[in-house]
1. In the chain, what percent of the accessible surface is made up of carbon and sulfur (1.4 Å probe, ligands and nucleic acids excluded)?
2. Under 25 °C and 0.890 mPa s, how fast does region 22-86 diffuse according to Stokes-Einstein, given a Kirkwood radius computed over C-alpha pairs? Answer in µm²/s, whole number.
3. With each run of n ≥ 4 DSSP H residues scored as -39500 (n - 2.57), what mean residue ellipticity at 222 nm is computed for the chain after dividing by its residue count and rounding to the nearest 500 deg cm²/dmol?
4. At residue 32 and residue 102, where each label point lies 7 Å from the Cα along Cα→Cβ, what is the point-to-point distance in nanometres?
5. Rank 156, 269 by accessible area, highest first, at a 1.4 Å probe radius?
6. Provide 80, 37, 298 ordered by accessible surface of protein heavy atoms (probe 1.4 Å), highest first.
7. How large, in Å, is region 137-188 by the Kirkwood hydrodynamic radius built from its alpha-carbon pairs?
8. Could you work out how far the C-alpha centroid of region 35-55 sits from that of region 185-202, in angstrom?
Amino acid sequence: MNRLINKTLALCLLCTGFAHAGEALVQSAIDKKDYTLAFAAAKADVKDGTATDVERLLLAQMYANGQGTEKDLNAARDILKPLVNKNMPEAQFILAGMLQSEAVVGLKSSDGQLNLVRFKELAQRPLSERENERYAAELVYKAALQNFQPAVEAVCMDLDNAVIAFGGTERANWYRKCNKESWAKASEMGQSLVPLNLRRDVLRDPVIGEAFAQQAVKASCLDENIKPVDFKIGKPVTGGEYLTLQLDKPKQYKMIRGQWQEIWIGQACGKQFAVPIIFKADGMGGAGFAPDVSPEQLELLIKAALPK
């Protein structure tokens, strides 16, 4: 989301038609990286009541980034909240990015590597400790409903990577807004809660592959290229907990807890093979998975999948 936020203020300026004189001064100073002047000019306009909404957005971002002033996230939030209350998508999107960053602080090290200890800590939090994440998701979704493109792309990114409580048609509609027709068609194939990036991981998993391969061998099919042709919900979600968006009608969004089974159907040699797979939410939007077989069968599959 951070990369999308960087585009936001430029888009704001394009949409205003013409810029207030103070706004133009602030933007010109930012373009020249003279943040001291930009901050002073924007703050003065806010103080005397002449600032435009875009100026307020620019000032909030300077506070958030520590540009031309000391970093002050509280000051940035105070400026953004009235704009959010006006349902301004740019403000909703910027505030969402700030809240999301605060919610997962420490998740990645300075070199960009995932901190597994911190991941586990964050994953174990109850819903009551996830208000920043929930509200951030809600703000992005509201901005996306207004067709604010960076927010639309952020929703698509969630659909790519997280277990989202949407049906296939709803997923496909969002993907089409992001010009991802092939992803839309994939979402419309069968019934599955699994995000597309995780779907690829499942299909590449050696244990899942072994489960399909053993069925194919029994059917005298030696074609190793078993293609997925359908997905079905075998057992519905149990223990489901979701980040819930407080819209006109509450809407379940990202799954935090929950377990369910899907039947994945592959095809080769003109025959179809079905493998039941159990999925369990990992607390951070993703899910772990394994063939839904007895412990003894699973152990045999794991051994058979080991490199020879």
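The values are calculated or read from the model by the stated rules, or taken from the named source; none is laboratory data. This is a predicted model, so every value here is computed, not measured. Methodologically, a virtual Cβ is constructed for each residue, glycine included, from the backbone with ideal geometry; neighbour enumeration extends over all protein chains shown. With ligands, DNA and RNA removed, areas are computed over all heavy atoms of the protein, side chains included. Shrake-Rupley method; radii C 1.70, N 1.55, O 1.52, S 1.80 Å.
1. That share works out to 53 percent.
2. 217
3. Dividing the helical sum by the residues of the chain leaves -16500 deg cm²/dmol.
4. Once both label points are built, they end up 3.4 nm from each other.
5. Largest accessible area first, the residues go 269, 156.
6. The ordering from most to least exposed comes out as 37, 298, 80.
7. 10.7
8. Here the answer is 47 Å between Cα centres.
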